1. Subtracting the Cα-Cα distance from 0.36 nm times the residue separation, let me have the gained length for Asp214 to Ser71 in nm, one decimal.
2. Could you calculate the FRET efficiency of Leu61 with Asp32 from 1/(1 + (r/R0)^6), where r is the beta carbon distance between them and R0 is 25 Å, rounded to 0.05?
3. Note the full-extension length gain between Glu171 and Thr121 as 0.36 nm times their separation in residues minus their Cα-Cα distance, in nm to one decimal.
4. Which helices of the chain meet both criteria: a Cα extent of 24 Å or more along the helical axis and a mean Kyte-Doolittle score no lower than 1.6, with helices taken as whole DSSP H segments?
5. What FRET efficiency comes out for the pair Asn271/Thr84, r = Cβ-Cβ distance, R0 = 56 Å, nearest 0.05?
6. Sort Val34, Val141 by heavy-atom solvent-accessible area, probe 1.4 angstrom, most to least.
7. Only Cα pairs within less than 10 Å get springs; with that Gaussian network setup on the chain, which residue of Thr327, Thr139, Thr237 has the largest fluctuation?
8. Normalised by the number of residues in the chain, what is the relative contact order in percent for Cα pairs under 8 Å and 6+ residues apart?
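The values are calculated or read from the model by the stated rules, or taken from the named source; none is laboratory data. What you see is a predicted model; the values in this text were computed from it and never measured. As a convention, Cβ positions derive from the backbone with ideal geometry for all residues, glycine included, and neighbour counts pool all protein chains shown. Just so you know, the surface numbers come from the protein's heavy atoms only, side chains and all, with ligands and any DNA or RNA stripped out. Shrake-Rupley method; radii C 1.70, N 1.55, O 1.52, S 1.80 Å.
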Amino acid sequence: MTISTFSRAVGIPASALRHYAAQRVLEPTDMDPVSGYRYYAPSQIDSGVLLQRMRSAAVPLPVMREVLAGSAQDGALLLAELATHHGAASRQREDELTALRAQLDPAPAHRAPATAALPGTVLASAISQVIRAAATAATDVSGLVCSVGPQGIELIATDRYWLAHRHLEAETAGGEARAIISREDATEVAAACAHHATVHLKLTEQGLTVHDADGSLLARTVAVDRAVPDLGRLVSTQPSARALAGFDRAELQEVLDRSDQSDKLLLVVGNGTTALHAGGARDDAPVLSGWATPDEQLEVLVGRALFAAAVAVCPGEEIVLSLVDTTTPVRVASPVQDTLTCLVMPMLP
């Protein structure tokens, strides 16, 4: 993620992120030696959100550094000591520190499991749809991120370069939970739920359990032992689109599937139309044309394989793209299924 994308995801201005990097509180995972672009990994989202909350609570820089660098238990102790020093002088600040301490508590046994009930056919279809984004993912990002809370169920998968997100309405109860299920386990859960009208799932940080309406066990999985990034924030914090563009899905899929097609595609928006150029340049005639919102001029470069993968999971007869700029992820969606969002990282010119 570029610093602007990461900034929106965690709620910290880019200028502050540069300051925290200089103070060795939270440093980017990579920096382009030529352009100076800073890149952050999805696994840093939780640290960034934690840093934002510590920033709101006016935690001193040395304490921030120790909390992010040390274990969760040590961080909880440091924050508890800081809360004691402030006492009743600032109740709001103390409440924030207490919440942070609870977040860092390494004993999940005290947290209530999150439960949900929904049609098994819907859950199975959503899992099968989203998990395709992790088809070629490396081990450190592979799997299905499952979240259950008052707002429903979130299913997310990514291979670092494109992401599929599905939000499901469901009757939920208990606490909030988030866990990573392996790709293989997620596929088995989908198969087990596919022919059931209603399923009841229970999610904890240790794994996912699914029963049918009669209480019979359908599936039980153990969560992947890896930090679970809040990838949903990458979707919820996307900025408003500068331009919308649309293509006929069948025509777009045909262009993307052509074996002689270039690995780079340039989306050119202007005068109410969108032109798709092969080779990443406007030298030749467009390979496909579509509609766009009027009064915007914008060019975004995307990788064909990533774009094709995102388009393939979207149902319906039309593909709608939300475009912001050359560094913000392209939002790929279908007007017939507004609970699905795919994000595709653009390529730098």
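1. The span from Asp214 to Ser71 would gain 47.3 nm if fully extended.
2. The calculated FRET efficiency here is 0.40.
3. Net length gain for the segment: 16.5 nm.
4. none
5. Computed FRET efficiency for Asn271 and Thr84: 0.35.
6. Largest accessible area first, the residues go Val34, Val141.
7. Thr139
8. 14 percent
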